[in-house]
Every structure is written in C-alpha cells, then in structure tokens.
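Notes to accompany the following structure.
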There are 2 protein chains.
Amino acid sequence: MVTIHEVAARAGVSAATVSRFLRGRRVRASAAIQTAVDELGYSPSAAAQSLKSGRTYTIGVVVPDITNPYFAAVVKGMESVTRTEPYRILLANSDESGEREDDVIADMVRRVDGIVLAPATEQDRTPLNVRDAGVPLVFVDRDLADGEDFDAILVDNAGGARQAAEHLMGLGHTRIAAISGPVDTTPGRRRREGFLETLAAAGIGIAPEHDLIGDFREQSGYQLTLSLLSLPEPPTAVFTANNLMTLGALKALHDMRVGVPDEISLIGFDDLDTGPLLRPPLTVIDRPMVEQGVLAMRLLLRRLDPRHVDDMPRRVVLGTKLVDRASTAPPRTSPAGTAAPSPAGRTRAR
Amino acid sequence: MVTIHEVAARAGVSAATVSRFLRGRRVRASAAIQTAVDELGYSPSAAAQSLKSGRTYTIGVVVPDITNPYFAAVVKGMESVTRTEPYRILLANSDESGEREDDVIADMVRRVDGIVLAPATEQDRTPLNVRDAGVPLVFVDRDLADGEDFDAILVDNAGGARQAAEHLMGLGHTRIAAISGPVDTTPGRRRREGFLETLAAAGIGIAPEHDLIGDFREQSGYQLTLSLLSLPEPPTAVFTANNLMTLGALKALHDMRVGVPDEISLIGFDDLDTGPLLRPPLTVIDRPMVEQGVLAMRLLLRRLDPRHVDDMPRRVVLGTKLVDRASTAPPRTSPAGTAAPSPAGRTRAR
DNA sequence: CAGGGTGCTGACAACGATTTCACTTGCCGG
DNA sequence: CCGGCAAGTGAAATCGTTGTCAGCACCCTG
C-alpha cells in the first residue's frame, strides 16, 4: 500500500503539501505531485480518512429480502442516488428476522454514516439504539408502532387495501378472503386493517376462517390458499397482501385446477414485472418502488447535511394505484342469500 | 462517540488492557471493564481498527443490475455466506456500463478486502488494476477474454445454449432465430456461439436477419422480437439469451397476438420465479443462481486467508438444465423443403 | 529464602491522512 | 529600500485502536 508520505518523498515535498494538493488547494509543486501520484498509483486510505474525519461515506441498507422484486427495486433506487454522491451502500438482508436485524445493525452502526431500514417488526427496539449511537435513520416501506419521530418513506397501505376491497365488492363478491402479512409489521397490519374495515363498513363481514395471516413468503401464500380451498365454503375472491404471497396463491390455484378468475378472483398488493404475462394477468395494487428508494436515500443524505440534522422528522406517504388486469371478475354463482349485481362498464387494461 | 480511553478511565485501567479484554485475553479487571463497556455503550471504531489492521471486513460486489432476478439471487447467496463471517457487502450496480464499473471499483478498492465482479465486458481492464492494488477478485457469471488466471464461478453458457438449440431442432424447427446478449460479454458471446454452432453442426443455418444482438434488457428483447415479426419470413422459434430479454420477447409476442408456442416457440436462458405461471409456462435453460453467489463468496473469503492467497486460480463451471414447460412445440407448418418430424413421447412439466 | 517463572500491566509507538500553527518567501507600495 | 501582506510551506498533533516492550508482583520450587 502506497502512502501519502511516499508520494511526498518522491515529489520532494511534505505530506501536508500533498494532502493540500489533493484537496484542491493551490500548491507550488503540483506538477511534480501529480506525476508522483500517477507513477505510484496512489489513492488515499479510506480507513485513515474515516478515522480523521469521522465520516465513512457509507450508507447501511437493511431489507428483509433482496430477491423480493419490490426490495430489489427499492435498493436500485437508493443506489441510483449514490451515483452522483460519494456514498456507497452496505447491504444486508434481515430475512424478516428481528434478531438477524439486530446483529447486522449493531455492526453497521460502527461503519456507516446513516441507515435505511425496513424494520422486521413494529415493536423493533433496534432503531432506538441506532438513534442513541447518533446514526441517522430512515424507514422505508415499514414503520415502528411509535415511529412518528423517525424519518420515513411509506405507502398508503390501508388505502391500497381499501382499493382492493372496493374493487372486489364492486364486482359483487361477498365471500372474500384475505391472506395478510405478519400483523407486527406495518404493511401486514395496515393492509389487513384497511381491507377488513372496508368490508365491514360496507356491511360485508369476513368469516374467521377467511381471515388468514401469512409471512410474506411465497410458500405461505401457497399453503394458506390450499387451506382456503379445502374449506366447505371457499371464498369467491382472495386478497393477498404482497407480491410473493400472490404468486404462491396463484400457484396453489393452478395446482388445484381452480379457474382464475372464473371460480376465484385474485387481487394482490404490489405489481410484478411479469404481472401482465401471467395466467391470468394479475389485477394488483401498484405503488412506486424505485421511487421509494430514491426518496429514502435523498432524505437520508439530506439528514447527513449538518444544516438539516435537526429538521423535523419528515414522513412521506405515497399513494397506490389499482391496476385492473384479468385475475378478478364477478363471482360465478351468487353467494347464498345475496343477489349478484351486474357490474356495468368495467374496462380492463388489455 | 465513546472511545476505548473513556472505558479505560472508568474501569481504572489503561486502554491497552481494555483492548486486551475485548480481544478475549485474560485480564484482572474484567468485571469492571465489562461494566464500563455496558454503561458507556462502547463499541470500537471500525475506522480505527481498519487503519491499524489493514482489513476492512468488507467485500465489494458489483453486478450489472440488482433488479435482475438472477443477480438478486446471486447477491442473496453471497450475503448468506457472510452471515457466519464478520464480513459485510458493499453493493453497486454497473448498469452494464464499463465506465460506471471503473468508477465504482476505483472507489471500492480503497475500502474493501476483496471484490466479486460480473465484468461489464470481456475486454474490461479494470480487473488488472484491482489485482495490482492487491485486492483479491472473483468473477461471477462473466469472465475476461484472457481471464484464465482469475478466480471465477461460471456456468456452461455454450452447453446451455446447445441444449436450447437441440431442443428446438428436436421439435423440428429449422427457421430459428436467436436474440443474443452483447458479444463483448461472456454470456452474450458464449451463448450465441454455442447456439449457432449447434445449429450449424446439424446442417441448419441461421439467416443473418435472424441472428440478433440485444443488450440483456427487457426493452431490447421486445424491440428485436418485433423486428423478427415484421420479417417477410419470420422464424418459427426464438432463443433469447437471458431472462429479461425473454420477458420482452414474450410481451412483444403477446402484443402482436402471436400464439406461443402455436405460431412461434420461445426458449430462454435463465429461469424466472414466475416461469411456470406465465402464458404459456416458459421453457428455459435453468442454472444454479443462489449457489453461484455462495460459491463466489466462499472462494473469495478463502482467498483472503493468508494460507490460500497464492493458490492456483480456481475456476468453477456449473452445468445447466433444460426445463421443458410449454412455450415450445413443433412448428405448425413445415418449413419449405423440410418434412415436419413427429416428436413422439414428449412429456412436459405440468 | 533466593531465584526464576508466570501472568498482568501501562507507556508508547505505530497505522495514514488532515489540520493547525508558526514560519519563510516573494512581491508590492510607500 | 524597507515594512507589510499574501501565498505557500513543513513539523507536529490528532483521530481510536492495537501491538510491542519493559516492568512489576506474585507464586512455586529447590
């Protein structure tokens, strides 16, 4: 490893002068120094710079699962922001485990200037430690139960779930099931609440055996859908609370040869790249993904600016959008005791 | 920030003793030190440790695009290995741009102990600089034209492409198109070569206008497929050299209402999570994804071990597997001058 | 009881870059 | 021709941690 002193020696100046030159100050021997730098292939030690300056120019990013297309997109958004900044991203998966998250963050706190986190649960206490350690923190996608005084980029989970519920009710469904995410996560809880409350407000209840809780993984969407199908009175429509569980549900329906949407309608939260190409094309609640990452990273970098450290916490809530494809349709047979309405003027994308 | 000296002062010992205690050596005042550490919430400065030890316990990972499910899986594999090690991952996208890759790596070299790279092109000279800087480097998915003396985890690209070609020929196709990736990347070049050579060896040529080069992005798969469809004599089968271009091709075929596989058969390189659920379920060449990440990271960490720095370069080539779903079928009309064979005993997955 | 371990200890010097401080040089104007 | 100022310089201190080194106290053995 070549140090600033070797450069200095070769250029016939002191290390201080080399340092000044590299930081853009005017210096007599600039030509000689530049030559020495080039010849030696010198580049300053990041560790030494960090030690001196107290800044690492690194941002920690902790998400539950990078192979989830949603989080991949969020991370890409964050990464794109760092393109014009001297920051890099230190990435870790928490695998939806609070424990793993703790470990990872305890380590990160020592190495980064700030953290973007999708907390594993709303009861998560790790963020408090991060704050105590003086490391700025921004939540993305998920929040804490009492997280009001943290920066956050969120999405209107309850509103999106409401759109899903209204869509299904508008088609005439009354026997509706929900496969929610863990209720100790923001999206899990809020999407379920939004969905159930909308049904309730319309006078449509949900049977206890139709109110299922999964873990946001494909496997649980699959299993819970199977359990719905084995019910004496299966639902005519299912709402799945994230992309992976939607996929699992769709696989289960295929495997059991259940027609979608003829026999059962399916609507999911979060769009997929392949959404339009699936059998059938999926009707989903969509939301900005890359943009969430961009906003989160911008917010964090802003917080790193000494002028903004003490700004009020900033909480951004983005809207959702119903993408009406072909996995939902009116129920085939009208549910017992209810007249099937005839939904008019429905148009579909494609 | 609380330093080791503050802990030392509170525990009534010297900093050296605290350091020794923390590194597991026996020390008289261990109880007092532990108390001081807990009360002060001390954790050592990573920057200072790096400066002293010359190790950062960070691995740089540079991939073209983290939202590509293949690379997401690879990164996940790498991340899972670091779970049992004290290493973290510094992640960057190169966006298939050699320039961006240069920038990112020039910066990473200063901050990491090693790098896993999927080089943007085979002519890439950056790796040489990395090696000169004394930073171990492992290639994943892609190689250099003269990369034999670098560690690498690769896949049998030519072999996979051959499987695809043989599959299509076995079905009786003779008018076959290929949408390849950039020929200055390993997978782009090798898959194309493997495909064309297999066709040639069987006495089936490829029309120049059927031999297309894309850029591994969905959009290019889409556009090039449209161009194939606008030909006076479109192909009866198409091979797309990666997952994203396969998706683009499928979208184009849908948009132009071309029946798959009735009118055109489609086979892609790389499977998708949603592969079985697509219209139609995709026939693809599959390969280990997470495993490639695991192997790459293990290899790199091994290389970081002083006992193995000077080992011979290790090059692993993994095999591919044809996953026969439903996007390929015999050509509907036999091509001019050829008798349509009747493929017997074909079984499909689902 | 002397001699020699053994087991800990603290002072100090590194690691590499940056910044402060006091200083020199050269130039300009009076 | 001299005083003063601007511009540029190097020595040294600093960031927080760890390894080296010399030293001290204690205990065991002969």
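Within the shell of other residues whose beta carbon sits under 13 angstrom from the beta carbon of A:ARG302, the net charge comes to -2, with Lys and Arg scored +1 and Asp and Glu -1. Here the simple spin-label model places points 7 Å from the Cα toward Cβ, and for A:GLU166 and B:ARG131 these points are separated by 6.2 nm.
Which one, B:ARG131, B:ARG298, B:ARG257, has the greatest fluctuation when you compute a Gaussian network model over chain B with C-alpha springs under 10 angstrom? Answer for the Gaussian network model of chain B: B:ARG257. Remark: for residue pairs A:LYS321/B:LYS251; A:LYS251/B:LYS321; A:LYS321/B:LYS76; B:LYS251/B:LYS321, the C-alpha separation exceeds 27 Å in A:LYS321/B:LYS76. GNM, chain A, Cα, under 10 Å: largest mean-square fluctuation among A:ALA11, A:ALA202, A:ALA329? The residue that fluctuates most here is A:ALA11. Local charge for A:GLY54 was computed over the other residues whose Cβ lies under 13 Å away, with Lys and Arg +1 and Asp and Glu -1, and equals +3. Residues in segment A:168-193 near a label at A:ALA145, defined as backbone nitrogen under 18 Å from the 7 Å Cα→Cβ point? Of the residues in segment A:168-193, A:181-193 have backbone N under 18 Å from the label point off A:ALA145. Given R0 = 60 Å, the distance between the Cβ atoms of B:MET312 and A:GLN123 translates into a calculated FRET efficiency of 0.70. Projected over all directions and averaged, the alpha-carbon convex hull of segment A:3-88 occupies 7.4 nm². By how many degrees, 0 to 90 and rounded to 10, does the Cα axis of helix B:157-170 deviate from the longest principal axis of chain B? Once rounded, one gets 20 degrees. Can you tell me what share of the DSSP beta bridges in the protein assembly as shown is antiparallel? A percent to the nearest 5 is fine. Close to 15 percent. Between A:GLN34, A:GLN163, A:GLN219, the Gaussian network model of chain A with springs among Cα atoms under 10 angstrom shows the greatest mean-square fluctuation at A:GLN34.
Placing one equal scatterer on every Cα of chain B and applying the Debye formula, the log10 ratio I(q)/I(0) at q = 0.06, 0.13, 0.15 Å⁻¹ is -0.31, -0.96, -1.16.
What is the log10 of I(q)/I(0) for segment B:157-286, computed with the Debye formula using one identical point scatterer on each Cα and no solvent, at q = 0.15, 0.19, 0.20 Å⁻¹? Values, matching the q order: -0.58, -0.99, -1.11. Relative to the longest principal axis of chain A, what angle (0 to 90°, nearest 10) does the C-alpha long axis of helix A:243-255 take? Between the helix axis and the principal axis of chain A, the angle is about 40 degrees. Over all directions, the projected convex hull of the C-alpha atoms in segment B:130-220 averages 7.2 nm² in area.
Expressed to the nearest 5 percent, the antiparallel share of DSSP beta bridges inside chain A is 10 percent. With bins 10 Å wide beginning at 0, the percent of Cα pairs of the protein assembly as shown falling in each bin runs 3, 13, 21, 23, 20, 12, 6, 2, 0, 0.
Relative to the longest principal axis of the Cα atoms of chain A, the long axis of helix A:30-40 makes an angle of roughly 60 degrees.
Annotation: A:GLU233 carries an accessible surface of approximately 110 Å², with a 1.4 Å probe and no ligand, DNA or RNA atoms counted. Here the contact order of chain B, divided by its residue count and restricted to Cα pairs under 8 Å and six or more residues apart, works out to 17 percent. Which FRET efficiency value, to the nearest 0.05, is calculated for B:HIS5 and A:SER53 with the Förster distance at 22 angstrom and r the Cβ-Cβ distance? Rounded to the nearest 0.05, the efficiency is 0.65. Applying both filters, DSSP loop and at most 16 other Cβ atoms within 10 Å, to the trypsin sites (Lys or Arg not before Pro) of segment B:26-68 gives B:ARG26, B:ARG28, B:ARG55.
The values are calculated or read from the model by the stated rules, or taken from the named source; none is laboratory data. Source: prediction; values computed, not measured. Positions of Cβ are generated from backbone atoms using ideal geometry, with glycine treated the same way; all protein chains shown enter the neighbour counts. When the accessible area is computed, the model is the full protein with side chains, heavy atoms only, and any ligands, DNA or RNA have been set aside. Shrake-Rupley method; radii C 1.70, N 1.55, O 1.52, S 1.80 Å.
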